[in-house]
Amino acid sequence: MGLFRAKGVVYKPVENVNLGPDSDESYIKANVKAPRMAGFLAKIFAWFLESRIFGAFLLYILKRNNLIHKLVTNAELEESPVYVPLHPFEGRFTTFKFPPLLLSLFITAELNEKEVKHVNSDLSPSEQVQQAIGCLPLPSENIVNGLKPSSRRWTIMDYSKAYSSGEITPYKVAERLIAAIHESSGPPLDMAFFINYDAEDILRQAKESTLRYERGEPRSVLDGVPVAIKDEIDCSPYPTTGGTKWLHKFRPCKGDAFCILRLRSCGVVIIGKTNMHELGAGTSGINPHYGATRNPYDPGRISGGSSSGSAAVVAAGLCPVALGVDGGGSVRMPAALCGVVGFKPTFGRVPHSGVLPLNWTVGMVGVLAGTIEDAFIPKMYFPMLQSTNSVSDITLARYGETVDVTIPDIEAMRLAHYLTIGSECTAALSSYLEKLDIAESGWDVRVALSVYGAFSGEDYIKAQKLRNRQIQFHRNIFTKADVIVTPTVGVTAYPILNDALQTGELDYINGAALVRYQIAGNFLGLPAVTVPVGYDKKGLPIGLQFIGRPWSEPTLIHIAYAMQTLCISEYRKPQAFYDLLKKD
C-alpha cells in the first residue's frame, strides 16, 4: 500500500510544546468514520474483513480514514517508546510486604498526601479493613435525612451493622438476593446482570457467615457482604469466560485470583460472575451470548462496558461493591452510565495475577461501588474522610480545551491506546485463536479481532512513543495542578436496538465519545475515579471524573467524597432496584 501512504504528522519535541492557557496547540475532535452496524450488516462487514481478497484493503482504508496512519503509524516524533507505565516515587524502589490487594514489590517514598492514616503493612487483611473503618466518616444526619428512603443504596457498613445487631442475617440477605437475580434475569426485565451464579454456593457462604455472627466472631465488617466479580477475574467455582463461549475451554480457572483470596479472607459472599462485553472489546455491554446488560435507570438503554454487569448490579442494589477490570475506561464508563462510583487505581497498585491477561500494560482491577467510602482499596495510606481538617490547596485542571492548561494530541493518544490494547489482546489470545472456530465469537468481536490483527509492529512502537510523549505532558501538567477534572463520558446511556441483540453492534462514534476522557488513566497508568453528579433531561446519570498524579489515590478519594457530599441528596432510585435490607 506504499503508493497510497498517508503523510504523517510531525510532532514538536515535548519541551517545545506550550501547555499553558495561551497555547496554540490545535484540539482535534474524534475523527471516527464508520457507520453504525448490527444484524445482517455486521455479518457482511465481518465476512469482508475476514476475506483474503478484500480484508487487507478494507482494513487499510479503515486505518487511513480514521487517522491512524496520519497521527500514529506514519507520524514523526523523537520520543523513545515506553512500553509499561510504571511510575516511581523519587526514583526509589523499596521492597515491602504490602497490604491486601497490593503488590509485594512496590515503589514507595514519602507521600505528599494530606489527611491520611499510615497502616502497618504486616496486619492481616481483616485487620487492615478494621483500620480503614477508622477513617470513614460518621453518617451525617443531614445527609441521611435528606435522602429519600427509596433512593439510598446500602453501604458495607449498613450491612455490617444490620448483621451485628441481629436485624437480619447474611443467609436471609442471600435468599433475597437469589430471588432478585431470578426476577431480574427473566421477562419483562431481562437485565442480563450475570454470566454465571450458583445459588447453592451463595447460600453456603451466607450460612457460614451467619454462623460466625451467631458466635460473635465475624472476620471483618465485610463478613457476609455480597460482592460481585466481573467474569474476567478467576473466582472458584466458576469458569472465567471473558464474556465468550470458548475462552474457558482453552484456559480453565484453576483457583481464585489474588484479589479474590483477599476478599474471601475478610468473609465476603461472592455472588457470581457478572456479564461483560465479549473480550472487553467494546463499550456498550451488549453481549450476543449472555444478553445485553441493561441500565437499571432505563432498561432500554446500555449499561456501558466492558464491566457492564458489575456496574449494573451495584446500581440495582444487589450488592454494595463489585470488582471490574479497567483497560480503557471499562470500570469508569459503566459506573458513570449507571450512576455509581468507579475507581481505577494507579498502574501496579493491584496485582493482576488471576486476571485474564488481555491488556497487560493498560488494564487494572478496579472497584464499582454505591458510595466512595465503599470504593476503598486497602493500602499503606488511607484517606481520613472523618477528619474535621479540610484538605486545602488542591489545584484542579480542566481537561480538553485550552482553559487553564492544554493537553495536546488527545485524539492521537486515543488512537495510540486503541492500537496498544488491540495489539496486546491479539498477542494474549494468539495461541487460542489458532484453534478457535471463529463462529463461536460474536460478530462485533470478529470485526474487532480483524482490526486488531491488522496492527503492525511499527504501529505498536509508534503508539508507545506517543505514550512516552503523553506521560511527559501529564507530568508537566501535574507540576501546575494536583487533579485533572473531566466529564467521565461524552454521552449518557444510549438505546439498545433490537438488531444488536444477536450480533452485537459496531458503533464506533458513540464508542469514541464514551472513551474519550478515559484514556489517560489506562494508557499512562494514572489513578482516576468517577462519581455521580446529576442526571440529564431523560433522567440518565452523569458522572464527573477526577484524574490524579501517580499514587495519589488518597487525594482523589478526598475530592470525590466532597463531590459526593454535595450531590448525594439528589441521587435518584433506578427503575430496576432491589432493597436487600428492607424490614419485613
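The values are calculated or read from the model by the stated rules, or taken from the named source; none is laboratory data. Remember, it's a predicted structure, so these values are computed and weren't measured experimentally. Glycine also receives a Cβ, built like all others from the backbone with ideal geometry; neighbour counts cover every protein chain displayed. Accessible surface is based on the protein model in full, side chains and every heavy atom, while ligands, DNA and RNA are left aside. Shrake-Rupley method; radii C 1.70, N 1.55, O 1.52, S 1.80 Å.
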Within region 528-562, track down each residue that is surrounded by fewer than 22 Cβ atoms within 10 Å (Cβ to Cβ), under 27 Å from PRO299 (Cα atoms) and touching a residue at least 24 places away in the same chain (Cβ under 8 Å).
-> VAL533, GLY534, TYR535, ASP536, LYS538, GLY539, LEU540, ILE542, LEU544
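Report those strands (runs of 3 or more DSSP E) wholly inside region 218-331 carrying at least 1 residues which are touching a residue at least 24 places away in the same chain (Cβ under 8 Å) and hydroxyl-bearing (Ser, Thr, Tyr).
Numbers: elements: 226-230, 269-274, 298-302, 321-326.
Ranges flagged: 269-274.
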Every listed condition ((1) of a type outside the set (Lys, Arg); (2) more than 28 Å from the chain's Cα centre (by Cα); (3) open to solvent by 30 Å² or more (accessible area, probe 1.4 Å)) holds for TYR163 save (3)
Would you mind stating whether ARG52 is without any contact (Cβ under 8 Å) to a residue 12 or more places away in the chain, out of contact with any Phe, Trp or Tyr (no Cβ under 7 Å at 6 or more places or on another chain) and under 17 Å from VAL447 (Cα atoms)?
-> yes
Inside region 31-84, can you point out the residues that are open to solvent by less than 30 Å² (accessible area, probe 1.4 Å), part of a helix (DSSP H, G or I) and of a type in the set (Gly, Ala, Ser)?
-> GLY39, ALA42, ALA46, GLY55
Output the residues belonging to region 186-210 that are open to solvent by 60 Å² or more (accessible area, probe 1.4 Å) and either assigned to a helix (DSSP H, G or I) or under 15 Å from PRO296 (Cβ atoms) (or both).
-> PRO188, ASP190, GLU200, ARG204, LYS207, GLU208
Within region 450-474, restricting attention to residues that are among the polar types (S, T, N, Q) and open to solvent by 30 Å² or more (accessible area, probe 1.4 Å), which residue is farthest from LEU506 (Cα to Cα)?
-> GLN472
Which condition number does GLN130 fail, the rest of (1) modelled with pLDDT of 95 or more; (2) in a helix (DSSP H, G or I); (3) of a type outside the set (Ser, Thr, Tyr) being met?
-> (1)
Report, by residue number, each residue of region 507-553 that is part of a loop (DSSP other than H, G, I, E, B), at pLDDT below 95 and more than 15 Å from the chain's Cα centre (by Cα).
-> ARG549, PRO550, TRP551, SER552
Those residues of region 554-584 which are among the acidic types (Asp, Glu), assigned to a loop (DSSP other than H, G, I, E, B) and either modelled with pLDDT under 95 or on the phi > 0 side of the Ramachandran plot (or both) amount to ASP584
Filter region 26-72 for residues that are among the aliphatic types (A, V, I, L, M) and more than 29 Å from the chain's Cα centre (by Cα) and give the result.
-> LEU41, ILE44, LEU49, ILE53, ALA56, LEU58, ILE61
Would you tally the residues in region 212-244 being of a type in the set (A, V, I, L, M) and open to solvent by 10 Å² or more (accessible area, probe 1.4 Å)?
-> 2
Tell me, yes or no, whether region 258-274 has at least one residue that is at pLDDT 95 or above, of a type outside the set (Ser, Thr, Tyr) and within 30 Å of ALA38 (Cβ to Cβ).
-> yes
